[in-house]
Amino acid sequence: MILYDFRCQEGHRFEAGIESMLADNPACPGCGTATSRVPSAVRIGGAADAGPSRAEMPHSWHGIDRGRPEAVAHWRSKIEKREKLEAKYPELAGDRRPILAHEGIFQGRPLRAGDDISASVASATAAAARASESQTSTSSTTTRRGTGA
């Protein structure tokens, strides 16, 4: 049996199952008039959902509602789903190396285990200097405009 959407001349819409695509259209159950088939809505089942990223998942006891069993079970299933997805698609896992430094000059780009420390420090210092220089030139331009100079 095939399920089709139908519409009559009076505008009634309904679904009905018919034996084959060559079978006659049924009469409208509302008014008894002739019907025509209309395109059905497209249904895409099983749409992919990566779920929350590791950064969005709770990292503390308070994040899982102080260990409430339902919350723990909920997040455990989310984590297991995410792990399976990352095993299949490693690019979704992101950089999983431990972060060694994330404050000061490393605020914009954290220092991770395995990074070349001297190159990372030089790069972060240069980026911090550029940001500082940019802020200084912006504030001095604003100051000059404000004083009428």
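Rule-based calculations on the coordinates, nothing more; no lab input. None of these values were measured; they are calculated from a predicted model. We place every Cβ from the backbone using ideal geometry, glycine too, and count neighbours over all the protein chains shown.
Restricting things to Cα coordinates, could you compute the convex hull volume per residue of the stretch 52-96 in Å³?
Here the figure is 61 Å³ per residue.
Within 10 Å of each candidate Cβ there may be at most 11 other Cβ atoms; applying that plus a DSSP loop requirement, which GluC sites (Glu not before Pro) in the stretch 1-62 survive?
Those that pass, being in a loop and sparsely packed, are Glu10, Glu19, Glu56.
Strictly under 4.7 angstrom between C-beta atoms: which cysteines of the chain have no such partner?
Taking the Cβ cut-off of 4.7 Å, the unpaired cysteines of the chain are Cys31.
So which chymotrypsin sites (Phe, Trp or Tyr not before Pro) in the stretch 8-84 end up in coil per DSSP with only 12 or fewer other C-beta atoms within 10 Å?
Within the stretch 8-84, the qualifying chymotrypsin sites (Phe, Trp or Tyr not before Pro) (loop, at most 12 other Cβ atoms within 10 Å) are Trp61.
Measuring from a point 7 Å past the Cα of Ala129 along Cα-to-C-beta, which residues in the stretch 85-109 have an amide N at less than 11 Å?
none
For semi-axes √(5λ) of the Cα gyration tensor in Å, which listed value, (1) 32, 28, 18; (2) 58, 22, 8; (3) 60, 29, 17, comes from the coordinates shown?
(3)
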